[in-house]
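Structure, as structure tokens:
The values are calculated or read from the model by the stated rules, or taken from the named source; none is laboratory data. This one's a predicted model, so the numbers in the text were calculated from it and none came from an experiment. Note that we place each Cβ from the backbone using ideal geometry, even for glycine, and neighbour counts take in every protein chain shown. Only protein heavy atoms, including side chains, enter the accessible area calculation; ligands, DNA and RNA are left aside. Shrake-Rupley method; radii C 1.70, N 1.55, O 1.52, S 1.80 Å.
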Amino acid sequence: MTDTALFPLFANLAKRPVLVVGAGEIAERKIHLLLKSQALITVVAHHASEQVQRWHATQQITWLQRDYQASDLDQVYLAVAATNNRSLNAQIADDAEARFRLVNVVDDAELSSYQVPAIVDRAPLTIAISSAGAAPMMARYVRAKLETVLDESLADITQLLQQYRQAIQQQFPELEARRAFYDWVIEGPVAQAVQAAQWNIACQRLEAALQQPLLPSTGQVILVGAGSGDPGLLTLHGLRALNQADVILYDRLVSDEILELARRDATQVYVGKKVGEDHHATQARIHQLMLDYVAQGLTVVRLKGGDAFVFGRGGEELSVLRAHQVPYRVVPGITAALACGAYSGIPLTHREYAQGVQLITGHQQANSQPVSLASSSEDQTLVVYMGLQQILAFSQRLLAEGRAAETSCALIENGSRPNQRVLLGELAQIPQLATEHAFKAPSLLVVGDVAALAAELHWFGQLIDARGTAVPPVLLNAG
């Protein structure tokens with residue numbers, strides 16, 4: 001069977017009878033798929049899993065609690081043999097062959113006359129992957145790759161195109177022009193509106209395009225939070241944006257590993273700010289670059305470390321785009337406080353130690369007043385972003401406002417990256433310890449009783465206690 005090239009097809013099984021022999025966990029997976037197709041499913045088995053019994057009780061399937069009979073195949077379109085008895089499965093396959101019925105014998109390509117592929121479901125768009133039974137894991141691998149690339153909005157875009165299919169055919173009778181229009185819908189402002197859950201606007205844009213010659217795309221900006229550095233923390237939406245980008249404007253805190261995930265032919269432009277330079281001028285340059293690239297009809301990904309809306313000036317950049325009527329959308333990222341806490345074994349909230357979290361930045365706008373710490377209390381975790389150079393000042397302020405000198409603190413350097421270091425100490429001593437151990441940016445400071453839990457719960461990178469001792473993590477024995 002595996003040497004034969006399979007003929008791919010999609011079967012309409014709605015209201016058509018299908019037989020499944022077997023009712024265990026293996027059969028469950030096949031029945032679940034068949035239910036999506038609205039097939040009339042009959043299951044034959046003496047015993048059934050709880051899920052199969054529930055489907056029967058709710059009249060979604062028919063369960064015949066008896067032995068399989070060859071006549072069960074007489075009035076069905078296709079069959080599934082999902083028993084753990086190979087001789088019975090072989091008998092079902094032979095009976096199906098004699099009646100010209102297609103049969104799938106689960107995990108047995110030699111006995112099967114059809115294969116159930118791995119599926120990427122963006123209904124009504126469906127992508128099926130098959131290895132012809134030769135290597136099912138390869139089909140699953142390809143499916144997993146496609147799941148990361150193909151946005152869920154393709155389902156809605158497909159429905160929209162279905163709704164307007166006749167109008168598009170009438171307006172563009174020539175195949176080449178029609179294909180160009182479809183490309184514009186799928187990649188342009190109509191799709192952007194669908195991704196933003198603005199269905200009415202998507203319809204308006206499509207209808208307007210049908211009434212006049214197509215205008216070139218005005219481009220768009222996707223504001224993407226890259227997370228704290230570990231490429232595994234990048235979201236699926238973020239990964240898809242990187243593969244959609246024509247231009248990527250990235251910051252200093254974006255790791256090389258994340259940039260490696262981007263589309264190979266995308267232009268990458270470093271726009272990170274440096275200590276001591278005019279940040280206002282740099283930010284103005286970023287604004288202008290976004291506008292210039294969008295004016296060329298390009299998709300621009302503005303890639304920021306952490307989350308763009310947490311000390312990332314994301315709001316400022318969107319205000320500029322809004323003022324110039326540039327289409328945009330936002331992909332949030334895992335902000336440093338969440339990632340660094342998790343990778344250090346520090347829960348930012350804890351029923352016994354902390355009932356709240358306060359996030360503040362060590363950088364201040366010129367001529368602005370320092371962030372008030374009056375609301376910070378001992379039952380609240382304080383997380384200081386970009387605060388390495390300001391640690392001494394922050395510790396002095398906290399002590400002056402009543403925090404105890406022995407308050408637990410953790411300084412996290414390169415959080416979530418392979419070279420992560422965590423330094424534990426007390427509020428009064430953390431600046432000196434940071435100097436002794438040569439901590440550098442990017443670092444994040446956690447103040448509060450939860451910081452001490454890192455000594456017990458840390459699992460990633462290096463942990464250094466107040467004595468300068470490296471504390472090994474306790475790893476569970478997988479064996």
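Some observations on this one:
- Residue in the range 275-291 that is in contact with a strand residue (DSSP E or B) (Cβ under 8 Å, 6 or more places away or on another chain) and surrounded by 22 or more Cβ atoms within 10 Å (Cβ to Cβ) present: yes
- Within the range 118-136, tally of residues that are within 24 Å of R240 (Cβ to Cβ), open to solvent by 40 Å² or more (accessible area, probe 1.4 Å) and either in the same structural domain as A241 (by the TED database) or not charged (D, E, K, R) (or both): 7
- Residue pairs whose Cβ atoms lie under 6 Å apart, sitting 6 or more positions apart in sequence or on different chains, and linking a residue in the range 346-360 that is open to solvent by 70 Å² or more (accessible area, probe 1.4 Å) to a partner that is of a type outside the set (A, V, I, L, M), are Y353/D449; Q355/D379.
- Look at (1) in a strand (DSSP E or B); (2) without any contact (Cβ under 8 Å) to a residue 60 or more places away in the chain; (3) closer than 20 Å to A14 by Cβ and you find that Q75 fails only one, number (1).
- Residue that is under 24 Å from Q244 (Cα atoms) and of a type in the set (K, R), where the choices are R165, R140, R101: R140
- Residues satisfying the stated conditions in the range 43-61, i.e. of a type in the set (S, T, Y) and surrounded by 14 or more Cβ atoms within 10 Å (Cβ to Cβ): S49
- Selected residue (only one of A197, A209, A177 is at pLDDT 90 or above and on the phi < 0 side of the Ramachandran plot): A209
- Matching residues, the range 298-355, being under 18 Å from the mean Cα position of the chain (by Cα) and of a type in the set (S, T, N, Q): T335
- Scan of the range 77-112 for residues that are over 21 Å from S130 (Cβ atoms) and of a type in the set (S, T, Y), ordered by number: T83, S87
- Criterion applied to R421, R417, R467, R403 was being open to solvent by less than 50 Å² (accessible area, probe 1.4 Å), at pLDDT below 90 and basic (K, R), and the one residue passing it is R403.
- Of the strands (runs of 3 or more DSSP E) that lie entirely inside the range 96-141, those containing 1 or more residues that are touching a residue at least 60 places away in the same chain (Cβ under 8 Å) and out of contact with any helix residue (DSSP H, G or I) (no Cβ under 9 Å at 6 or more places or on another chain) span 125-129.
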